[in-house]
Amino acid sequence: MEYYVMEENEFMGEKLLGLYEESCRIQEKYFGEYPWVKERIAASETPHLGMEHQTNIAYGNKYKFTQVGGKDFDWLLHHEFGHEWWANKVTNRDWAHMWIQEGICVFGDAMATRELAGEAAYLKKMQQTARAIKNGLPVVQGEEVDSDSAYYGDIYGKGAFFMHTLRHVMGDEIFFPTLKKLATAPQYTYDNTVVTADVEKLFSGAYGKSLQPLFQLYLYTNNKLEIHVKQTDENKYLVKLLNMEMQLPINILTGEGTQRLMVDKKGIIVSSKTPIQIDPDVFYFKKVILE
Ligand SMILES: [Zn+2]
């Protein structure tokens with residue numbers, strides 16, 4: 001690993017290399033081996049904030065480390081480095097699908113939180129991410145879009161949050177290997193560029209059921225998932241999805257604790273002595289309608 005440091009910051013060089021190595025271990029755990037292992041692994045200090053130049057990322061975060069899990073962490077270094085996988089190895093064919101590069105790279109940033117600070121800290125980070133979604137435009141605005149139109153803020157946060165939703169729907173045993181496959185299988189990497197439909201087909205195939213309705217709602221529209229809740233009896237609630245043509249696992253907090261239940265448009269009856277809470281940990285970007 002090489003780090004090209006400004007002379008006056010030389011004393012920070014070793015420190016940054018240590019963080020860089022740790023960052024590499026985390027990215028490799030989730031996305032496979034560093035993509036340019038036969039060429040170079042480097043970063044260079046720059047006056048601008050950062051950029052994902054292949055084999056030599058630009059670093060300009062001025063060593064402003066944050067504490068994650070009680071350890072120093074450099075979000076900018078981790079993010080630009082993540083682009084060695086998401087951008088430089090897995091590349092969207094058109095700007096329209098830029099969320100694949102930015103959204104999954106930001107999800108990789110959340111994986112660093114998970115590794116360094118644990119699952120609860122990761123959940124909290126994704127909840128903050130959900131609150132920051134602007135939702136003025138869809139993440140994918142067509143099949144061919146110019147860069148100015150494509151660079152809408154939600155390709156980062158909403159793209160990352162969509163990965164979080166997929167993780168919840170598919171479960172870790174299927175989701176993580178599938179995500180790694182996207183970053184390692186020849187048909188999605190290096191000379192082979194990808195579009196959103198490729199990602200959807202890969203994840204649907206691994207899940208064993210079509211995830212197309214979920215991709216459609218969250219990436220091609222700015223509608224939220226609508227979950228309707230109606231009290232039908234003293235201790236009974238009818239919970240159903242309004243705008244989703246597939247069954248989804250929803251965590252529902254009842255008097256007995258949290259249950260993971262499959263919900264669809266027909267709805268299910270949930271018994272609880274206390275008012276129920278829908279998706280308390282926030283795996284879905286959603287609107288709950290109480291009747
Ligand atoms: Zn980025």
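The values are calculated or read from the model by the stated rules, or taken from the named source; none is laboratory data. Worth saying up front: this structure is predicted, and the values here are computed from it rather than measured. Cβ coordinates were reconstructed from backbone atoms using ideal geometry, including for glycine residues, and neighbour counts include every protein chain displayed. Just the protein is used for accessible areas: all its heavy atoms, side chains included, with ligands, DNA and RNA removed. Shrake-Rupley method; radii C 1.70, N 1.55, O 1.52, S 1.80 Å.
Every residue in the stretch 36-59 that is within 16 Å of the ligand (Cβ to nearest atom) and assigned to a loop (DSSP other than H, G, I, E, B), please.
Answer for the stretch 36-59, where residues must be within 16 Å of the ligand (Cβ to nearest atom) and assigned to a loop (DSSP other than H, G, I, E, B): T46, H48, L49, E52, H53, Q54.
Are any of the residues in the stretch 2-18 within 24 Å of the chain's Cα centre (by Cα), surrounded by fewer than 19 Cβ atoms within 10 Å (Cβ to Cβ) and either without any contact (Cβ under 8 Å) to a residue 24 or more places away in the chain or within 16 Å of the ligand (Cβ to nearest atom) (or both)?
no
Does S204 fit the bill of being without any contact (Cβ under 8 Å) to a residue 40 or more places away in the chain, out of contact with any Asp or Glu (no Cβ under 6 Å at 6 or more places or on another chain), farther than 23 Å from F161 by Cβ and surrounded by 15 or more Cβ atoms within 10 Å (Cβ to Cβ)?
No; evaluated as a whole, the condition is false for this residue.
Those residues that are free of Cβ contacts under 8 Å to residues at least 60 places away in the same chain and among the charged types (D, E, K, R), I need them from the stretch 230-246; list them, please.
Residues satisfying the conditions are D233, E234, K236, K240, E245.
Say whether the condition of being open to solvent by 70 Å² or more (accessible area, probe 1.4 Å), over 28 Å from R93 (Cα atoms) and free of Cβ contacts under 8 Å to residues at least 24 places away in the same chain is met by at least one residue in the stretch 207-219.
No, the stretch 207-219 contains no residue that is open to solvent by 70 Å² or more (accessible area, probe 1.4 Å), over 28 Å from R93 (Cα atoms) and free of Cβ contacts under 8 Å to residues at least 24 places away in the same chain.
Of all residues in the stretch 94-122, how many are of a type outside the set (A, V, I, L, M), open to solvent by 20 Å² or more (accessible area, probe 1.4 Å), more than 14 Å from the ligand (Cβ to nearest atom) and closer than 15 Å to I26 by Cβ?
4
Please count how many residues of the stretch 26-51 are farther than 18 Å from W86 by Cβ, of a type in the set (S, T, Y) and touching a residue at least 24 places away in the same chain (Cβ under 8 Å).
Result for the stretch 26-51: 1.
Name the single residue that is nearest to P213 (Cα to Cα) among those in the stretch 232-272 being among the basic types (K, R) and in contact with a Lys or Arg (Cβ under 7 Å, 6 or more places away or on another chain).
Among them, the one singled out is K265.
Just to be sure I understand, how many residues within the stretch 60-89 are of a type outside the set (S, T, N, Q) and more than 13 Å from the ligand (Cβ to nearest atom)?
Matching residues across the stretch 60-89 total 13.
Can you give me the number of residues within the stretch 132-188 that are out of contact with any Leu (no Cβ under 7 Å at 6 or more places or on another chain) and either outside any helix (DSSP H, G or I) or at positive phi (or both)?
Number satisfying all stated conditions: 16.
Since N222 meets every condition but one in (1) open to solvent by less than 20 Å² (accessible area, probe 1.4 Å); (2) in contact with a Pro (Cβ under 9 Å, 6 or more places away or on another chain), which condition does it not meet?
Of (1) open to solvent by less than 20 Å² (accessible area, probe 1.4 Å); (2) in contact with a Pro (Cβ under 9 Å, 6 or more places away or on another chain), only one is false for N222: (1).
Of all residues in the stretch 29-50, count the ones that are loosely packed, with under 14 Cβ neighbours inside 10 Å and either acidic (D, E) or within 23 Å of L182 (Cα to Cα) (or both).
Result for the stretch 29-50: 6.
Only residues in the stretch 61-82 that are closer than 22 Å to Y34 by Cα and among the hydrophobic types (A, V, I, L, M, F, W, C) count as the first member; pair them with residues that are in a helix (DSSP H, G or I) and within 16 Å of the ligand (Cβ to nearest atom), Cβ under 7 angstrom, at least 6 apart or cross-chain, and list the lot.
Hits for this filter: F73/A112; W75/D109; L77/S23; F81/S23; F81/Q27.
Which condition from (1) within 14 Å of E84 (Cβ to Cβ); (2) in contact with a Phe, Trp or Tyr (Cβ under 6 Å, 6 or more places away or on another chain); (3) of a type outside the set (A, V, I, L, M, F, W, C); (4) free of Cβ contacts under 8 Å to residues at least 60 places away in the same chain is the one that S23 breaks?
Condition not satisfied by S23: (4).
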